[in-house]
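For reference, the structure is listed below as structure tokens.
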Amino acid sequence: MSARSDELRRQRDLLRENLAWLEREIAAEEGGVPPAPPPPVLSQRLDVAARDADRDAEAILAEFRTSGSAIESQTKRGCILYFAFAVLLLAGAALAAAYYYGRARHGP
């Protein structure tokens with residue numbers, strides 16, 4: 001069955017329950033004997049609820065799902081940035097060491 005037909009069946013069942021409630025309310029207001037409520041089919045309701053939850057979970061996952069090429073390009077960009085930062089840090093440390101070595105050797 002398709003998701004649309006499941007949703008339509010669920011809506012139909014909800015409308016039937018609503019109409020049954022209206023019938024009971026009208027009968028109670030007019031003083032008549034309200035018709036007995038139909039027995040709920042719990043397994044169908046749980047099954048529909050589980051399918052709705054699965055669809056909701058899939059929609060959330062699809063929102064955050066990215067393609068493999070996008071992940072690969074982000075990873076490459078991150079590695080290049082970390083490498084550039086490490087090279088700059090190492091160059092700064094080398095310049096500081098050379099400066100202090102030169103000052104210590106030649107004096108102030």
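General observations
- A Cβ distance below 8 Å, combined with a sequence gap of six or more or placement on separate chains, defines the contacts here; from the stretch 62-83, residues that are touching a residue at least 60 places away in the same chain (Cβ under 8 Å) and surrounded by 10 or more Cβ atoms within 10 Å (Cβ to Cβ) reach no residue that is aliphatic (A, V, I, L, M) and in a helix (DSSP H, G or I).
- Selection of the stretch 49-108 for residues being over 30 Å from residue 2 (Cα atoms) and either charged (D, E, K, R) or assigned to a loop (DSSP other than H, G, I, E, B) (or both) yields 72, 76, 77, 103, 105, 107, 108.
Each value in this text was obtained by applying a stated rule to the coordinates, not by laboratory testing. Since this is a predicted model, take the numbers as computed values, not measurements. A quick note on method: Cβ atoms are made from the backbone with ideal geometry, for glycine too, and the neighbour counts reach across all protein chains shown.
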